[in-house]
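In what follows, a structure is listed as structure tokens, so that the remarks can point back to it.
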Amino acid sequence: MRLPCPICGDRDRREFYYQGHATMLNRPSADAGTATWDDYLHNRENPAGETRDLWHHEAGCGAWIVVTRNTVTHEVSGAVLAEKAKT
Ligand SMILES: [Zn+2]
């Protein structure tokens, strides 16, 4: 699989570290409570179809990007810098 880094262009997936669903960008506040933090840290969805995931280009430019891809067809339809992504 190749991922389209907005800075470097198409690169092999092995250059990236997978962080999880892009909702990881919606970090709870420090005083959100243990139930909210437990859900944020441990519970994940496993959707069949289009998803938006957070990846780190650790063997490249070091950018955090949000990749839109389909978990059924494995099609990658785009990527944006995480700082510009809305979750
Ligand atoms: Zn890059």
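Where a number appears in this text, it was derived from the coordinates with a stated rule and is not lab data. It should be emphasised that the depicted structure is a prediction, and the values quoted were computed from it without experimental measurement. With ideal geometry, Cβ positions are generated from the backbone for all residues, glycine too; neighbour counts draw on all protein chains shown.
Ordering Asn46, Val66, Cys8 by the projection of their Cα atoms onto the charge dipole of the chain, which places +1 on the Cβ of Lys and Arg and -1 on the Cβ of Asp and Glu, puts Cys8 at the extreme positive end.
Site pair Lys84 and Tyr40 shows an inter-label distance of 2.6 nm when each label is modelled 7 Å from Cα along Cα→Cβ.
Calculated translational diffusion coefficient of the chain (20 °C, 1.002 mPa s; Stokes-Einstein with Kirkwood radius over alpha-carbon pairs) equals 156 µm²/s.
Among the trypsin sites (Lys or Arg not before Pro) in the range 1-52, those placed in a DSSP loop whose Cβ has at most 15 other Cβ atoms within 10 Å are Arg44.
When you restrict to C-alpha pairs under 8 Å that are six or more residues apart and normalise by the size of the chain, the relative contact order lands at 31 percent. For the chain, GluC sites (Glu not before Pro) meeting the loop criterion (DSSP other than H, G, I, E, B) and having at most 15 other Cβ atoms within 10 Å: Glu45, Glu58, Glu75. Cysteine residues of the chain whose C-beta has no other cysteine C-beta under 4.7 angstrom: Cys61. Counting every other Cβ atom within 10 Å of each residue's Cβ, Leu54, Leu41, Leu25 order from fewest to most as Leu41, Leu25, Leu54. Computed from backbone phi, the HN-Hα couplings of the range 11-22 come to 9, 5, 4, 5, 7, 10, 10, 7, 9, x, 4, 4 Hz, rounded to whole numbers (Karplus: 6.51 cos²θ - 1.76 cosθ + 1.60, θ = phi - 60°; Gly and Pro given as x).
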